[in-house]
Each structure stands twice: as structure tokens, then as C-alpha cells.
Amino acid sequence: MTAHFVPPIARQEKPPIVPIRHPRVSGRALRSVPGRRGMPVFGVLPTAVLDPIGFARRMHQDFGPVHRFHACGNWNVQLVGPEANEFVLFDAAGNFSSEGGWKPVFGRHFEGGLLLRDGQNHQWHRKLIASAFKQEQLQAYLKVFSRNVEALLGDWSGESRDVYEMAQRLTFANGYEAFLGRDAAHATREDLLAFRYLMRSAIAVVTMALPGTAEARAKWAKRHVEGLIRPILAEPVDPERADLLAMLCRMKEMGLVDDEEIISHLTFVIAASFDALSSGTISTLYYLAAHPDWQAAVREELCTNIPDPHAMSIAELGKCEKAEWSIKEALRLNAAAPVLWRRSVKPFEFAGHQFPVGTITGVNPMLTHLLPELWEEPHLYDPSRFSAERSLGRHRFAFVPFGGGAHGCLGANFAYLQVRTLLRWVLEKHELVLSDGRSPRWYHWPNCRPRDALGIELRKRS
Ligand code: HEM
């Protein structure tokens, strides 16, 4: 039975965590790389955080695809374009540590999560977690998604509300059930806020937990999440349960993982799923609301291929390519994870420049997705650019909303399924309408989300 599947890697001894010392890299060591130091102490941080796209564009225009900037006391290198994405994310030469790159951003609260592990230890843990995303599991999750969307639409239909809040509630409810095996009706507002605060702590400039700061909220959130998961670990595991937590608990009984590892994995997976997916969801809904012609095409495709949404299958959803293009196009225009970080563990060379061990290195999906040399009219919403014909010849690292390589997103299929399920339910009986003519304003760090209510209305179709 799938619920009791144990990946073959579990038979191998767990590779230990090999601690890596990341030496600090001086500006002198990077002198051949053009760039900007910015303000004393903060460097370019204020500009980069206030307007990440504008900042990335200006750096690219002024200094080219390989440049550096100073932020929070360190030099950071940015490599732009599909070749750079492949070089860093696929990392054929083993030049980079993900833990070293992400630690300053997420390390304080997500230690032990997959993105903060490297090498064989990472691979071992990743294979355990990946067993919760096999096809049979996804089919089971689909039922959960449908049930939760139906419940949410009952509350929400026919009104103009904060759609981002709705997207967060939905993705949280789905993650709560799929990963914790708990009925989403039991999820509290505090549970949701705890995961939100953990992700937002990435932008904390002040890392002391002073009252009222993002860091203080994240500290509370960490305690709250532990308090949520720990009691479940003490319960016997129902043999029928197929959620991620149940799988990890069975692996614990086999001596493969301990309580602390389970808590770290679940905290990271739920947070990664919840925040990135609500970002992808809101962008998809917004662009469909703004483009009624595409909305009608996606509606027709989904309702024709899936006559009864209660009995949806992965195969049926898989036929709905326009729905998939609309999600991809939203993720292209609004990359949920704008910049991906690594730190070099070896000296490396890229585009004729030499970089020492310890170089903090970023690649930029957000900017790559808007480069005019890769995308025709990059600011135009045109999902058909993802059709098979128009994708021919495109570099495989030109579109990287889910990253790629050893740390590529484990939840990409889960994400596509969830958004397509939502679209199937919403579009049949509703029209997504923009109720005001304002241009949307988005935050782009630490991931993409609207700055204010987008004015999306869900009007009942007659
Ligand atoms: C639209 C939705 C999502 C987007 C855009 C997204 C994006 C990403 C990206 C870009 C990475 C790679 C980070 C890097 O290489 O530095 C990543 C990793 C990851 N994502 Fe997602 N993600 C999404 C949804 C999800 C969901 C639904 C889950 C869980 C079911 C999930 C779980 C993970 C995990 C566990 C990793 C780390 C993998 C590893 O380090 O081996 N993500 N995601």
C-alpha cells in the first residue's frame, strides 16, 4: 500500500551533515566583477527590498549579466540568464551549497529543512520526503483540494473580498490536510499566521527579537508550530493515513528519522507550499480576471474535459493545457520565488570571471522571465507562449519558477494540480472580474504577493 511505501534510499545509512565553513569574500577578491557598493552599512539593501524588479533591471543594464552588490555587510554576486541558472542550479560541478546561500535568509527558523541541507545528506532526506508526492498520493490530495475549494466557495461566492486572503486560506487548508493529516476545519487563524510569520521573517533587517518586529513574530510562530506538531508525534499512527506526517512517523518507528527532523521537514514543507502557492494562485486569478478572453478559453477547456468536478482525476486535469499555460504565464510575470541563493564551496569560473570559495551567488528567475532576448514582448500576458510549438528551442533554464537541479521544487506537480482544481471549481459558476481600474501593485520579496486588495470580484454567472 502506498501509505507504507518506504523509498529504497532508506536502506542506505543516513549520510551525516558535513558542516561547511563559508569564508567571507572581500571586495578585492571580486574586483574584476562590476557592481555597486551602495550605502554605508546597509549597502544596496533598501533599494533592492523596496523595488526588487527595478533594482535587478538597473543592475543588469548598468553592469551586465554578471555583477555584484554589497548588502548587509557582504558582497553578493548575481548571475543572470538561462546559462547562469543552469550553471548554478543544476550545478554539474558541485560548486555550490544551498545551505550557505539560504542560511542568512531562512536559516534562523528553517534549520534542517531541505533547502538548508546539502550533498548526500540532502539527497537522502529529499528522497524520503519525495515519497509523499507520488502519483497515488497526488490523486488522494486532489480529493482534499476539491473538498476545501467547495467549502471555501460556499462562504465566498458572489462577493468582492480580499482574494489573496482567500488564496492563503485555501492553500493553508490543503497543506494542513495533505501534510499533517488533520481536518482543515480544525486549523486556527493562529496556525495560518504562524506559517506566514515564519516566511516573512526572511525580510527581517533587525534580527533581534525586539517587540513588534518580524523576528519577534517569527519566534512566537516557531514555538506555535512546534506546539502544533509535537503532540501529533506522540499519537499512534492510523494505518489508513497517507499524509506526509504519517509517512515520517512510520519512518521514525523504523529508526530513520527523529522528532526534531520531522518537525524541521514539516515546518519547511508547509511554509514553502503555503506561501509560494498562494502567490502563484493569486497571480493566476488576477491575470485571468484581467484577460476575460483567456478566462473564457480556460473555463471552456476545464468544463469540457472535466464534466463532474467531484470526480476529477489527474489524467483529466492533465488534458487542460490552457489552464496550465495560464498558471505558467502568471508565474513567469510574477515569479513567486524571485531570487535563488547559493554559496560557493569551490573556486569557480563563469563568463570569464573568477570567483573564490565563499562567494554568495544569486540567480534571478524574476529577471530571467522578463528578458526581451528570451521572451517576445515580455510584459504582455500571453499564455500561448507555453504551447508545445512556441516552447520549441527555448533554453530549459529560461523558465525556472520552480528552480531546477538537486533542490528543484518538490511540490511543482502538487502546485499545478491545486491551482487547476481551483480554476475548475471557480470558473464554471463564476466570472472573475476586476472591480476597479487600478494597476496592481505587488511586493516581490521574499516572494510575490499583492500590496493591497486587487479588487477581484467573483460574480455568479447566470
Ligand atoms: C507556485 C508554487 C511554488 C513555487 C513557485 C515554488 C518554488 C520553489 C523554488 C524556486 C524552489 C527552489 C529553491 C532553490 O533552488 O533555491 C523550491 C523548492 C522547494 N519547494 Fe517549492 N514552490 C512552490 C510550491 C511548493 C509546494 C506546493 C511545496 C510542497 C508541497 C513545495 C515544496 C518545496 C520544497 C520542499 C523545496 C526544497 C527542495 C529541496 O531543497 O530539495 N513548493 N520551490
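Summary table below
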| read-out | value |
| --- | --- |
| Formal net charge of residues neighbouring P34 (Cβ-Cβ distance under 9 Å; K, R +1; D, E -1) | +1 |
| Candidate residues M39, M208, M312: accessible-area rank, largest first, probe 1.4 Å | M208, M39, M312 |
| Farthest toward positive dipole pole in the chain [+1 Lys/Arg, -1 Asp/Glu at C-beta], among M366, L256, Y286 | M366 |
| Percent carbon-and-sulfur accessible area, the chain, ignoring ligands, DNA and RNA, probe 1.4 Å | 55 |
| Under the span-like rule (Cα at least 15 Å along the axis, Kyte-Doolittle mean at least -1.0), DSSP H helices of the chain | 52-63, 135-156, 163-180, 189-200, 214-233, 259-290, 292-305, 321-333, 412-429 |
| Positive-end residue of F402, A218, L228, charge dipole of the chain with Cβ unit charges | A218 |
| Surface per residue (accessible, 1.4 Å probe) for the stretch 2-460, Å² | 42 |
| The stretch 267-298 residues near the modelled E377 label - backbone nitrogen below 15 Å, point 7 Å along Cα→Cβ | 291-294 |
| Distance between the stretch 109-132 and the stretch 299-373 - C-alpha centres, whole angstrom | 20 |
| Distance from the stretch 410-462 to the stretch 36-101 (C-alpha centre basis), Å | 30 |
| Protection proxy ranking, peptides 445-453, 385-393, average beta carbon neighbours within 10 Å, highest first | 445-453, 385-393 |
| Antiparallel content of DSSP bridges confined to the chain, in %, to 5 | 80 |
| Leading residue at positive end of dipole, the chain (Cβ point charges), from L152, L333, P52 | P52 |
| Ellipticity estimate at 222 nm from DSSP helix runs (n ≥ 4, -39,500 (n - 2.57)) divided over the chain, nearest 500 | -14500 deg cm²/dmol |
| Violating pairs (Cα-Cα greater than 22 angstrom) within the set K127/K346; K143/K429; K143/K319 | K127/K346 |
| Cα gyration tensor shape for the chain, rounded if a/c is under 1.5, else prolate or oblate | oblate |
| Estimated dipole of the stretch 2-460 in Debye, rounded to 20 [Cβ of Lys and Arg +1, of Asp and Glu -1, Cα centre] | 1520 |
| Cα gyration tensor shape of the stretch 210-283, rounded if a/c is under 1.5, else prolate or oblate by comparing a/b with b/c | oblate |
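The values are calculated or read from the model by the stated rules, or taken from the named source; none is laboratory data. On a predicted model such as this, the values are computed, not experimentally measured, just so you know. Ideal geometry is used to build each Cβ from the backbone, glycine not excepted, and the neighbour counts take in all protein chains shown. Note: areas computed on protein heavy atoms with side chains; ligands, DNA, RNA excluded. Shrake-Rupley method; radii C 1.70, N 1.55, O 1.52, S 1.80 Å.
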